[in-house]
Amino acid sequence: MKSPFNIRLWILIAALVFVAGGTIYTLFFAWQRVQQLETRLTGSQLESFQLAREASRSLQSLNNSMLHYVLVRDPKQWAEFDKASSDLNHWIDDHDASLNPHTILTTDNERKIFKTINDAYDDYLSAADSVHTNAQPALVTSAQLAQLDAFNAQALRMRDLVRELSDAHRVAEKDFIANTTASLNGLRNLLTGCVVLLLLLIAAMGWIIYRDLIAPLRTKLVHSQTLLEQQEKLATLGTLAAGIAHEIRNPLTSLKARLYTLEKHLLVVPAARKDTEIISSEISRLEHIVQDVLSFARPAEPDLEIIAADTLLQDVQGLMSLNFENRSVQLVVTASPELSIRADSGHMKQVLINLACNAAEAIDGKGTVTLRAIPTRAQLNGREVEAVTFEVSDTGKGIPPEIEKRLFDPFFSTKETGAGLGLPISARLIQKQGGRLQYQTRPGHGTTFGVVLPRVFDDTAVNAKSSAGI
């Protein structure tokens, strides 16, 4: 099953590929568009813009040639006019869309006007032929000039049409430039958007990689380094404590033996017997401290077995109920669902009893200590697993911040007679069973300690519960 980080990473990679493909496609499309624009600007489009000017210049030359012919009636002048008019006629036919589908005219309006020019030019040629065949002399008189009226009318018509064609060219040129500008602006905006989106996706990928991969590794590295330093310190301290405890245990054994002999001789002296009882009590307390030190320095390897959570809590309740009654503190065990763990029963009872005693001592006067087991998911040994949390909650005054900082330091205690090893030993016992010891506290509202261990799903847990008589 893929992790959420891998899913997010693949989604981002797919998005990056999609945006990169879109950017490349946009660049390719823009390049093609620019090539098309360049072809149109340098080829037929610019040529079409020159049609009106070319037609106007040719028509002006024909008009002048006809005027010269009328004045002189020279056959050579008419031959020149006839050749030039024929060339212009072919040129107009070549650009007429109704005769040539491959015309360079780009708009319907231009093609319509040019068709009208072609038709009008036929009338223009007919008028010129009438002037040629009317057999008028070459003298320039008013009557003779009147023969040009029909020709002049067609010439003026041709001029107006050529001007209209020029206007249509200008409109087409403006539309072409406007469309070209809009197209290039659209491509520029699209390309800019793709680049910005690509940068945002790259930034998002970098942030997700840092958040889900680099930052946890960094935190884990710092935590591992801190844990390693703490374990090295505890190992050194444990070795030192074990050596001191061993050296203290031998004299204590001798003192206890001598005290036993002394008690036999002082049975008839009541005052002396009271002193020996005090000495015996202090020796027992010293032995308990020495045993705690040895348990901290060299904790016993756990004997793991499947235990039902309810069985464990009820055993602790039975062991602690009398002690709690003497303190006016109520011990409440909340019924738990079918939960099981693999742990050392003796070590678990030792840890829970220690936590329960600490909870009772944190309550001034009457109060409540609650034991319960709940299912949860937790990070244990670097992976998230199904787990069971054994909670020990009290209604005491909570843990002050200055004490909270040193809560798990060995030999730190707020009790006058405490050795300061209860919590460190409990934490090491739980750690050896693959779990962890955690807590939450609110000054003035109480504290909750939690023992988190991996949950097991096994039919033998039912057998274990049945064999306990539940």
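The values are calculated or read from the model by the stated rules, or taken from the named source; none is laboratory data. Not measured: the values here are computed from a predicted model. Counting neighbours? That spans all protein chains shown, and the Cβs are built from the backbone with ideal geometry, glycine included. Accessible surface areas use protein heavy atoms only, side chains included; no ligands, DNA or RNA. Shrake-Rupley method; radii C 1.70, N 1.55, O 1.52, S 1.80 Å.
In the range 304-325, the residues that are touching a residue at least 40 places away in the same chain (Cβ under 8 Å) and under 17 Å from Leu339 (Cα atoms) form Cβ pairs under 7 Å with partners that are open to solvent by 60 Å² or more (accessible area, probe 1.4 Å) and part of a helix (DSSP H, G or I), at six or more places apart or across chains, as follows: Ile306/Thr460. Any residue that is of a type outside the set (A, V, I, L, M) and in contact with a His (Cβ under 9 Å, 6 or more places away or on another chain) - is there at least one of those in the range 373-395? Checked against the condition, which is being of a type outside the set (A, V, I, L, M) and in contact with a His (Cβ under 9 Å, 6 or more places away or on another chain), the range 373-395 yields at least one hit.
Return yes or no: is Trp91 over 29 Å from Val171 (Cα atoms) and modelled with pLDDT of 80 or more? It is false that Trp91 is over 29 Å from Val171 (Cα atoms) and modelled with pLDDT of 80 or more.
So, of the residues in the range 281-323 that are modelled with pLDDT of 75 or more and not in a helix (DSSP H, G or I), which turns out to be surrounded by the most Cβ atoms within 10 Å (Cβ to Cβ)? It comes out as Ile307. For Thr26, only one of the following conditions fails: (1) in contact with a Cys (Cβ under 7 Å, 6 or more places away or on another chain); (2) at pLDDT below 70. What is its number? All conditions are met except number (2).
When the range 101-116 is limited to residues that are assigned to a helix (DSSP H, G or I) and open to solvent by less than 40 Å² (accessible area, probe 1.4 Å), the one that is modelled with the lowest pLDDT turns out to be Glu110.
Within the range 325-348, the set of residues being aliphatic (A, V, I, L, M), more than 22 Å from Arg436 (Cβ to Cβ) and touching a helix residue (DSSP H, G or I) at 6+ places or on another chain (Cβ under 6 Å) comprises Val329, Leu331, Val333.
Of the listed requirements (1) within 26 Å of Thr395 (Cα to Cα); (2) under 46 Å from the mean Cα position of the chain (by Cα); (3) not in a loop (DSSP other than H, G, I, E, B), Asn326 misses just one: (2). Annotation note: of Ser98, Ser126, the sole residue that is at pLDDT 75 or above, open to solvent by 50 Å² or more (accessible area, probe 1.4 Å) and in a loop (DSSP other than H, G, I, E, B) is Ser98.
Residue by residue, here is whether (1) open to solvent by 10 Å² or more (accessible area, probe 1.4 Å); (2) of a type in the set (S, T, N, Q); (3) farther than 30 Å from Pro216 by Cα holds:
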| residue | (1), (2), (3) |
| --- | --- |
| Met348 | no, no, yes |
| Asp364 | yes, no, yes |
| Val369 | no, no, yes |
| Glu384 | yes, no, no |
| Val388 | no, no, no |
| Phe408 | yes, no, no |
| Gln433 | yes, yes, no |
| Gln438 | yes, yes, no |
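For the range 189-208, residues that are closer than 21 Å to Thr23 by Cα and in contact (Cβ under 8 Å) with a residue 12 or more places away in the chain total 10. Taking first residues from the range 329-355 that are at pLDDT 85 or above and partners that are among the aromatic types (Phe, Trp, Tyr) and open to solvent by 20 Å² or more (accessible area, probe 1.4 Å), the Cβ contacts under 7 Å between residues at least 6 apart in sequence or on separate chains come to Leu355/Phe449.
Taking the range 18-32 as the range and being surrounded by 11 or more Cβ atoms within 10 Å (Cβ to Cβ) and over 12 Å from Gly193 (Cα atoms) as the test, the residues that pass are Phe18, Gly21, Ile24, Tyr25, Leu27, Phe29, Ala30, Trp31.
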